[in-house]
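> Here it is: the structure, laid out below.
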Amino acid sequence: MALRTILTDEDELLRKVSREITQVDDRIQELIDDMIETMYENHGIGLAAVQVGVLRRLFVMDIQDGNGPYILINPQIVSQKGTQVGQEGCLSVPGRWGDVERPEKVVFKALDRTGKPIKLKAEGLLAVCACHEFDHLNGTLFTDKVTGELIRS
Ligand code: NI
């Protein structure tokens, strides 16, 4: 495993749409391991592949709920319900935070790291995190969706 460099928001790659993963091969396994290590090292709760410069539809999460790390390959939103507003930040947008509206509950379908189809039912913080990471796959940053003031520190 190896730490990877996290791109920051002046990098145009973060604005691109990531491509589907057609084969969950050794390269993808290595990428997943590196992303998890990089996420933990930087005290993040989620990381999308594009944030380490790989335009592939994959993200990892760990919200410290005892079930992580979550790994979602080619995720799709199946359903969503309700709304919640919470303060978000992003490893690619250092020093800035702001309130974003997200669904309270969201169901994703995806592949796990063995290539097996899975469903993830997320609510609360996990729903926030999953939607934030999913947005990265489409070139969207939380700063695009902040309601109210963007907080800088
Ligand atoms: Ni982010």
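> Using a Gaussian network for the chain with springs between C-alpha atoms less than 10 Å apart, which of these wobbles most: 82, 115, 53?
82
> Rounded to the nearest 500, what is the chain's calculated 222 nm mean residue ellipticity when only DSSP H runs of at least 4 contribute -39500 (n - 2.57) each, over all residues?
-6000 deg cm²/dmol
> Here's a follow-up. When the chain is fully extended, how far beyond the present Cα-Cα distance does residue 83 get from residue 19, taking 0.36 nm per residue of separation?
Net length gain for the segment: 20.2 nm.
> How about segment 83-153: which GluC sites (Glu not before Pro) there are in a DSSP loop, with at most 10 other Cβ atoms within 10 Å of their Cβ?
Hits after loop and neighbour filter: 149.
> Please give me the summed charge of the neighbours of residue 3: other residues whose Cβ is under 12 Å from its Cβ, Lys and Arg +1, Asp and Glu -1. Write down the numbers at each step before the final one.
On the way: positive: 4; negative: 33, 34, 37, 41.
Result for the local shell: -3.
> What residue among 36, 77, 45 has the largest mean-square fluctuation in a Gaussian network model of the chain, using Cα springs under 10 Å?
Taking springs between Cα atoms under 10 Å, the residue moving most is 77.
> Using a Gaussian network model of the chain with C-alpha springs under 10 Å, which one of 112, 135, 65 is most mobile by mean-square fluctuation?
65
> Sequence-distant or interchain residues sharing an amide H contact under 5 Å with residue 118, placed H: which?
110, 111, 112
> Now for a different question. Rounded to whole Hz and in sequence order, give me ³J(HN,Hα) for segment 133-144 from the Karplus expression 6.51 cos²θ - 1.76 cosθ + 1.60, θ = phi - 60°, writing x for Gly and Pro.
Running phi through 6.51 cos²θ - 1.76 cosθ + 1.60 with θ = phi - 60° gives 5, 4, 4, 4, 5, 10, x, 9, 10, 4, 5, 5 Hz.
> I would also like to ask the following. Translational diffusion coefficient, Stokes-Einstein: compute it for segment 17-147 using the Kirkwood radius over C-alpha pairs as Rh, at 10 °C and 1.306 mPa s, and state it as an integer in µm² s⁻¹.
Value of D from the Cα-based Kirkwood radius: 108 µm²/s.
All of the numbers you see were taken from the coordinates with simple rules; none came from a lab. A quick note: this is a predicted structure, and the numbers were derived from the prediction, not measured. Note that each Cβ is placed from the backbone with ideal geometry, even for glycine, and that neighbours are counted across all protein chains shown.
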